[in-house]
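Single-structure report; data block below.
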Amino acid sequence: MPQKPLTKILVESSPLEAMDLYRQNAPHKPEAGGIILGYRRDTHLHVTQVTIPQVDDKRHRYGFHRSAQHHQQVALKAWHASGKTMDYLGDWHTHPELHPSPSGLDLNEWKKICSQRKSPMLFMILGVRGDLWVGLGDSREITRCVASKN
């Protein structure tokens, strides 16, 4: 069986800082999320931007539903500004957990996204202390990634 090529994921600091603003580090903070934008370079992903929660998103302590319209507008603007080279890489959201991990609902939603795309998709969940769960999905499976900081 042929081995999958190794995918490296580079995440710039500004998307992480934007996500961290919505970390659920207090009981009153609802889940938040958005889409991940950046570049595909062969099998590698370069995350340069994320959308932040928009006015029509549905946010609760234990749930988040991203409304597509405003996130898509932000993504389209970024795509044009990049000379039409930036791409939708995946989704991110927060969880009110010390060690975040995807729920069954998360996995089902991500599988739907992956089934509609030919390229691998990136998924990130930010926990209450800033721990980050990172996964990569394709049409067959969603695999947790090993993260390291440089």
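Please arrange Cys145, Cys114 by counting, for each residue, the other beta carbons lying within 10 Å of its beta carbon, fewest first.
Least crowded to most crowded, the residues run Cys145, Cys114.
Order these by the 10 Å Cβ neighbour count, fewest first: Leu98, Leu16, Leu10.
Arranged by neighbour count, lowest to highest, Leu98, Leu16, Leu10 become Leu98, Leu10, Leu16.
Rounded to the nearest 0.05, what FRET efficiency do Leu105 and Ser67 give with R0 = 25 Å and r taken as the Cβ-Cβ distance? Could you check?
0.90
Please list 3J(HN,Hα) in residue order for the stretch 44-59, calculated via the Karplus relation 6.51 cos²θ - 1.76 cosθ + 1.60 where θ = phi - 60°; whole Hz, with x for glycine and proline.
9, 10, 10, 8, 10, 7, 10, 7, 9, x, 10, 4, 9, 5, 9, 10
Full extension from Asp131 to Gln116: what is 0.36 nm times the residue separation minus their Cα-Cα distance, to one decimal in nm?
Working it through step by step, the gained length comes to 2.5 nm.
Give the value in nm², to one decimal: projected area of the alpha carbon convex hull of the chain, averaged over all directions.
9.3
Going by how many other Cβ atoms sit within 10 Å of their own, how do Glu31, Glu12 line up, fewest first?
Glu12, Glu31
Values in this text are rule-based calculations from the coordinates and carry no lab data. Nothing here was measured: the structure is a model prediction, and the numbers come from that model. With ideal geometry, Cβ positions are generated from the backbone for all residues, glycine too; neighbour counts draw on all protein chains shown.
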